[in-house]
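Dropping the structure in here first, questions after.
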Amino acid sequence: MAACAAAITSGTLHGHDLAVAYLNRGLLQERQGQHSDAVSDLSEAIRLDPNFAAAFLDRGVAYQNMGQYELAIQDYNRTIALDPNSATGYFNSGLVYSFIRHYDAAILAYDQAIRLDPRNAVAFNNRCYVFTMQSAFDNAIRDCDQAIGLNPRYVNGFVGRGNAYWHKGEYDRAIQDYNQAIALDPTRASTFFARGSPNTQKGDYDSAIQDYSQALLLNRNLAAAWNGRCWARAIRGQFNDALADCNQALRLEPNNPSFLDSLAFTYLKMGNFDQAITGYSAALLLDPGHATSLYGRGIAKQKKGDNAGGNADIEMAKK
């Protein structure tokens with residue numbers, strides 16, 4: 001950093017050479033998490049050389065890390081305009097578009113990144129994720145196959161393909177991929193959590209509880225794992241433990257309607273219909289279209305003898 005500052009203030013650099021010095025200092029600041037300072041230096045580099053593609057690319061990264069995604073996309077687009085062969089420019093665009101859920105644009109960007117760099121396993125894996133979000137599961141699986149073919153020890157590739165199989169309803173194949181990911185890296189809480197979902201869908205609640213428990217050993221702040229274990233324990237009739245898990249999930253994320261739904265479901269399974277209705281109603285205040293909460297509240301109302309109210313909730317849930 002000091003050397004860059006000395007070069008900038010020396011008075012011996014001009015034009016593009018001075019722009020490079022600002023670029024280098026901006027890169028160092030970005031690596032240290034000083035995003036605003038990095039943007040300032042990279043902007044100065046661009047002022048000195050308006051056709052400096054690398055400065056636009058790196059400023060885009062700084063904006064991306066600041067969560068200023070529209071500005072990041074503008075800089076990546078400028079990078080690509082100046083350097084149409086910038087695989088990184090296209091790759092970073094795809095990443096930001098996926099963050100803001102512009103999935104069609106993300107796929108187009110990853111298409112170009114892969115065309116320019118066909119051995120980029122991460123680009124294939126990221127496009128796999130986007131296809132999964134679009135419910136294009138076969139396309140997702142093909143992309144993750146490519147990622148794993150390029151790097152047979154790529155944990156994210158197995159997780160990504162497992163996610164696609166899970167959403168496709170092929171639970172055994174999803175579990176096989178999660179198993180492989182865990183064998184390669186047994187320290188990731190998120191993979192154990194992910195494996196809990198197809199185990200739950202298969203009705204193997206004991207295995208799901210084990211997966212969520214292992215995830216929580218690795219990361220006590222993984223709220224979704226507390227919630228998943230709550231739901232599985234409620235199914236198994238372990239009501240006190242389920243309530244404790246749901247309450248912990250809600251301590252971490254108090255305004256999550258899915259967590260309130262799980263708490264209400266536990267009370268429903270216990271036969272505590274008043275508490276179930278209260279919980280479902282709280283979930284519906286946060287998400288009025290939460291179908292499972294409408295359905296559960298309808299069941300609870302019917303159990304209390306309110307058939308009209310229960311039927312109305314259930315019909316709304318079906319819609």
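For the stretch 33-52, enumerate the residues that are of a type in the set (S, T, N, Q), closer than 16 Å to GLN64 by Cβ and not in a helix (DSSP H, G or I).
GLN34
Next up: Pairs needed: first member in the stretch 123-142, under 14 Å from LEU95 (Cα atoms); second member anywhere, in a helix (DSSP H, G or I) and among the charged types (D, E, K, R); C-beta distance under 6 Å; at least 6 residues apart or different chains.
PHE124/ASP143; ARG127/ASP143; CYS128/ASP143
Could you check, for the stretch 232-239, whether at least one of its residues is at pLDDT below 95 and outside any helix (DSSP H, G or I)? I'd like the intermediate steps shown before the answer.
Going through the stretch 232-239, the residues at pLDDT below 95 turn out to be none.
No, because not a single residue in the stretch 232-239 is at pLDDT below 95 and outside any helix (DSSP H, G or I).
So which residues in the stretch 195-222 are surrounded by fewer than 18 Cβ atoms within 10 Å (Cβ to Cβ) and either on the phi > 0 side of the Ramachandran plot or not in a loop (DSSP other than H, G, I, E, B) (or both)? Working first, answer last.
The initial filter retains those residues of the stretch 195-222 that are surrounded by fewer than 18 Cβ atoms within 10 Å (Cβ to Cβ), namely 201-204, 206-207, 210, 213, 217-221.
Scanning the stretch 195-222 gives GLN201, LYS202, GLY203, ASP206, SER207, GLN210, SER213, LEU217, LEU218.
Which fully enclosed helices (runs of 4 or more DSSP H) of the stretch 258-319 have 2 or more residues being under 19 Å from GLN248 (Cα atoms)?
Values: elements: 273-286, 291-303, 307-318.
Qualifying helices (runs of 4 or more DSSP H): 273-286.
Quick check, is ALA105 buried (at least 18 other Cβ atoms within 10 Å of the Cβ), small (Gly, Ala, Ser), free of Cβ contacts under 8 Å to residues at least 24 places away in the same chain and farther than 15 Å from ALA53 by Cβ?
Values: buried (at least 18 other Cβ atoms within 10 Å of the Cβ): no; small (Gly, Ala, Ser): yes; free of Cβ contacts under 8 Å to residues at least 24 places away in the same chain: yes; farther than 15 Å from ALA53 by Cβ: yes.
In short, no.
Here is a yes/no grid of residues against (1) touching a Pro at 6+ places or on another chain (Cβ under 9 Å); (2) surrounded by fewer than 19 Cβ atoms within 10 Å (Cβ to Cβ):
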| site | (1), (2) |
| --- | --- |
| TYR280 | no, no |
| ALA283 | yes, no |
| LEU286 | yes, yes |
| ALA291 | no, yes |
| ASN307 | no, yes |
| GLY310 | no, no |
| LYS319 | no, yes |
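Sticking with this structure for a sec: Looking only at the stretch 150-164, decide whether some residue is more than 18 Å from THR191 (Cα to Cα) and either touching a Leu at 6+ places or on another chain (Cβ under 8 Å) or not in a loop (DSSP other than H, G, I, E, B) (or both). Let's see the steps before the verdict.
First, the residues of the stretch 150-164 that are more than 18 Å from THR191 (Cα to Cα): 150-151.
Right, trim to either touching a Leu at 6+ places or on another chain (Cβ under 8 Å) or not in a loop (DSSP other than H, G, I, E, B) (or both) and you get 150.
Yes: the stretch 150-164 contains one or more residues that are more than 18 Å from THR191 (Cα to Cα) and either touching a Leu at 6+ places or on another chain (Cβ under 8 Å) or not in a loop (DSSP other than H, G, I, E, B) (or both).
The values are calculated or read from the model by the stated rules, or taken from the named source; none is laboratory data. All values derive from a computational prediction rather than experimental measurement. Every residue, glycine as well, gets a Cβ built from its backbone with ideal geometry; the counts of neighbours run over all protein chains shown.
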